[in-house]
1. Would you call Leu108 surrounded by 14 or more Cβ atoms within 10 Å (Cβ to Cβ) and within 18 Å of Gly52 (Cβ to Cβ)?
2. Given the conditions (1) surrounded by fewer than 17 Cβ atoms within 10 Å (Cβ to Cβ); (2) in a helix (DSSP H, G or I), which single one is not true for Thr55?
3. Among the residues that make up segment 131-138, is at least one of them modelled with pLDDT of 95 or more, more than 23 Å from Pro151 (Cα to Cα) and not aromatic (Phe, Trp, Tyr)?
4. Can you list residue pairs whose Cβ atoms sit under 9 Å apart, with the first residue in segment 71-88 being loosely packed, with under 14 Cβ neighbours inside 10 Å and the second being in a helix (DSSP H, G or I)? Count only pairs 6 or more apart in sequence or on different chains.
5. Just checking, which of Lys103, Lys98, Lys114 is surrounded by fewer than 19 Cβ atoms within 10 Å (Cβ to Cβ) and touching a residue at least 60 places away in the same chain (Cβ under 8 Å)?
6. With the structure loaded, tell me whether Glu41 is free of Cβ contacts under 8 Å to residues at least 40 places away in the same chain, part of a helix (DSSP H, G or I) and buried (at least 17 other Cβ atoms within 10 Å of the Cβ) or whether it fails that test.
7. Just one of the numbered conditions (1) out of contact with any Asp or Glu (no Cβ under 7 Å at 6 or more places or on another chain); (2) modelled with pLDDT under 95; (3) closer than 24 Å to Tyr179 by Cβ is not true of Ala71; which one?
8. Mind checking which residues of segment 4-38 are assigned to a loop (DSSP other than H, G, I, E, B) and in contact with a Lys or Arg (Cβ under 8 Å, 6 or more places away or on another chain)?
Amino acid sequence: MGKLIMWNLMTLDGMFEGPQPWDLDWHEYAWGDELKRFSLEQGQEAEALLFGRRTYEGMAAHWATATGETAEFMNAVPKYVFSRTLERADWANSTLVKEDAGKAVARLKEQPGKDLFVFGSADLSATLIRHGLFDEYRIGLVPVTLGEGNPLFKPDSEPVRLQLLQSRPLGERCLLLRYQPAAVATAAH
């Protein structure tokens, strides 16, 4: 398989959502033609999307009935939802995974294909960080502060040293930051 990539928009104060679940109004501040184009380009790289339960439920509720190019991609791409409590995954092309996420994702990475992406899903991301499974972190930094909310990187998550691969604006209100784990960067040189 290709790489395991985390992709999220994040505020300057480190939040990926506000204090309430799906408090994402600030995403509209960043959204524009360049961010949309980048998001669709990433879709071309994706073998599958990986979600935790909460993100999956919110994405399914929105995209299953949405229309347009992004909706077509979101509904067609294979999706894996990691949950011990969800009973079924009814959104198109979804697979429910009830086993240990670290082990299951490690096996998915061994399969041939394109890249795997984690969208949202901060709790799932924390688990995958603990297992050292991310090959790349793509963060869209948005010049907004929320003061409180759900942090992208949990306070109890494992420390990770990263090396910058790229930074570039995606319009006037989003800065793409691409990182890889520093251990990978060191081994590659």
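The values are calculated or read from the model by the stated rules, or taken from the named source; none is laboratory data. On a predicted model such as this, the values are computed, not experimentally measured, just so you know. Note: ideal-geometry Cβ built from the backbone for every residue, glycine included; neighbour counts use all protein chains shown.
1. yes
2. (1)
3. No; the residues of segment 131-138 include none that is modelled with pLDDT of 95 or more, more than 23 Å from Pro151 (Cα to Cα) and not aromatic (Phe, Trp, Tyr).
4. What qualifies is Arg84/Arg53; Thr85/Arg53.
5. Going through Lys103, Lys98, Lys114 in turn, the sole match is Lys114.
6. Spelling it out, it is not the case that Glu41 is free of Cβ contacts under 8 Å to residues at least 40 places away in the same chain, part of a helix (DSSP H, G or I) and buried (at least 17 other Cβ atoms within 10 Å of the Cβ).
7. Just one mismatch for Ala71, condition (3).
8. Pro21, Gly32
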